[in-house]
Every structure is written in structure tokens, then in C-alpha cells.
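> Here it is, the structure in full.
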Amino acid sequence: MTNVKVLLVDDERPFVETMVKRLKKRDLKLVTAFNGNEALNRLEEDGDIEVVILDIKMPVMDGMEALSRIKSKHPLVEVIMLTGHATVETGIEGMKKGAFDYLMKPCDADQLLDKVTEAAARKRKHEEKIVEARVKAITLRRA
């Protein structure tokens, strides 16, 4: 799946720069943020973002707090958690808060691409179901 718009959120600039280069080669559109507040601003500014790749350990606002806020304001946006400090408990907590999945850093670009593709497909499927439900509701009102 190409033309997926992804928001990459991580406070480690060298990591962000490296991942942007790797993922752009795989036909992803990338937007970056270096903390949770910036991520929320990017999502407000750009309604085309489908998937967020979100680091868990960040200053200002950690990934778990950012995840909660993202899911409350943008429930259809899928979030993949990234961490160099993951425990099973952290991963489970993120999944309970609505994360699509989580990966350990450093992660394989192909594995990350697969997760992004799955996440974008899930978001698009949810959007299709919402449209179908709205069309059905309009059709039933007119009948």
C-alpha cells in the first residue's frame, strides 16, 4: 500500500532522520514531530495522516500520554508504539489504550513498513464502514 501518510514522533533527531530516509524510499509520505505536543499539533493541521509511529520515552509528554490524547481526538488514526525500553507490560498498556501494535527500537524498516501498511488498511476499512453506515442511514430516512 503506497501513499500512506505517516507521522513519525521521536525526540531522537538522528533516529527520525534515518527512519525518514528509509521510509520515503518505500513510498510513504512522512511528517515528523519531536515530542507529543508537536504530534498533536501536526494531527490538527493535517487530516491526511493515517498512521502515527510514536516513541514511548520522550520528554515533555511521554508516548503513553500522547497515545491517549491522539486516540481521544483522532480515534481512527492508528498508532504504532516504538521503544528501546519496552517491556511486555508497556506494550500491553499501549494496546489497551488503543495502539495498533508496538515494536522494539531499533526496528527493521521492512517490519515497520508491514505494520504501517496493516494499520493504514485497518483505518481505511473503518472509514469505509462509517461511510456505508451514513449512506444506509440517509437511504432509510428517504424511504
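The values are calculated or read from the model by the stated rules, or taken from the named source; none is laboratory data. Predicted model, so just to flag it, every value in this text is computed and none were measured. Because the Cβ atoms are built from the backbone with ideal geometry, glycine has one as well, and the counts that use them run over all protein chains shown.
> Need the failing condition index for GLU38 against (1) under 14 Å from LYS5 (Cα atoms); (2) out of contact with any Leu (no Cβ under 7 Å at 6 or more places or on another chain), just the number.
Result: GLU38 fails condition (1) only.
> If you don't mind, another one. Is it the case, given these coordinates, that GLU132 is without any contact (Cβ under 8 Å) to a residue 12 or more places away in the chain, surrounded by 10 or more Cβ atoms within 10 Å (Cβ to Cβ) and in a helix (DSSP H, G or I)? Outline the logic, then answer.
Working: without any contact (Cβ under 8 Å) to a residue 12 or more places away in the chain: yes; surrounded by 10 or more Cβ atoms within 10 Å (Cβ to Cβ): yes; in a helix (DSSP H, G or I): yes.
Yes, satisfied.
> What number of residues in region 102-114 are part of a helix (DSSP H, G or I) and either modelled with pLDDT under 90 or more than 13 Å from LEU54 (Cα to Cα) (or both)? Before you say what the answer is, go through the steps one by one.
Step one: list which residues in region 102-114 are part of a helix (DSSP H, G or I), which gives 109-114.
If we keep only those that are either modelled with pLDDT under 90 or more than 13 Å from LEU54 (Cα to Cα) (or both) too, we end up with 109-111, 113-114.
The total comes to 5.
> Whether any residue in region 61-72 is hydroxyl-bearing (Ser, Thr, Tyr) and more than 21 Å from ALA120 (Cα to Cα) is what I want to check.
Step one: filter region 61-72 for residues hydroxyl-bearing (Ser, Thr, Tyr), giving 68, 72.
The next check asks that each one be more than 21 Å from ALA120 (Cα to Cα); those that pass are none.
Looking for residues that are hydroxyl-bearing (Ser, Thr, Tyr) and more than 21 Å from ALA120 (Cα to Cα), one finds none in region 61-72, hence no.
> Please state which one of LEU67, LEU40 is at pLDDT 95 or above, under 23 Å from ALA109 (Cβ atoms) and touching a helix residue (DSSP H, G or I) at 6+ places or on another chain (Cβ under 9 Å).
Numbers: LEU40 fails: under 23 Å from ALA109 (Cβ atoms).
Exactly one residue qualifies, and that residue is LEU67.
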